[in-house]
1. What does the net charge come to around ILE48 if you take all other residues with beta carbon closer than 9 Å to its beta carbon, with K and R at +1 and D and E at -1?
2. For the peptides 47-56, 180-189, 27-36, 130-139, what is the packing order when you average, over each peptide's residues, the other Cβ atoms within 10 Å and list the highest mean first?
3. Tell me the Kirkwood hydrodynamic radius of the range 9-55 in angstroms, computed as one over the mean inverse distance between distinct C-alpha pairs.
4. Fewest to most neighbouring Cβ within 10 Å: what's the order for LEU68, LEU74?
5. When Lys and Arg each count +1 and Asp and Glu each count -1, what net charge do the other residues less than 12 Å away from THR118, Cβ to Cβ, add up to?
6. Using the Cβ atoms and a cut-off under 12 Å, what net charge is assigned to the surroundings of THR69, where Lys and Arg are +1 and Asp and Glu are -1?
Amino acid sequence: MGEEKKSWWRGAVDKIEGQVEKQKRQTAENEAQAGSLVIEKQFGTSTIAIYDGGYVRVSKVLNTMTPLTPYEQLKSITYREQVQDRSAVGSALYKTPFDSKEKRTISLTIATDRKVHTLSTEKDWSNRADKSGMALEAAGRAVLDALGAAAPVAPPPAPAAPQPDAADQLKKLAELHAAGIVTDEEFAAKKAELLKRL
């Protein structure tokens, strides 16, 4: 019985170690493909990193980017600010001069090949999240623009070789027939084919 437990335990450990190694290899491949880090900023409680290869990593854990945080291909990034009037909402009994009747919510929407990350937070007095959101949007768009400009442009299709006009071919065929180069049967068959094209 003891040997069976050891064997089972060894099998479980081997399986976990195999998965860890596979994850390490995948992370190394992703790092190579992602390219150099362009920007890494905190937005609300999330940390976002954008790479010059067109990849992004979004960690929703405050100030934590782990090797397990996936690399995703960046498709678009948009920063928005929304203002909501709070004057009609219940007011506090004691207000300070710094209280505002507006609630400012800022959001960052990151679309990737895997999913859409919608991150939002309230705008604070320091504008730290506001500045981070604008910087992330600018960096993400710059990376996407650079990749779009660097993408090879397919050359325009070569113009098709001009097809000889059927009337011109009939004329040449008649000349060849008159010169005795083309037989009566060949002339009749080719003439019928060319007349179908007209």
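Just so it is clear, none of the values below were taken in a lab; they were calculated from the coordinates. A quick note: this is a predicted structure, and the numbers were derived from the prediction, not measured. Ideal geometry is used to build each Cβ from the backbone, glycine not excepted, and the neighbour counts take in all protein chains shown.
1. +1
2. Listed from highest to lowest mean packing, they are 47-56, 130-139, 27-36, 180-189.
3. 12.8
4. LEU68, LEU74
5. +3
6. Net of charged neighbours comes to -1.
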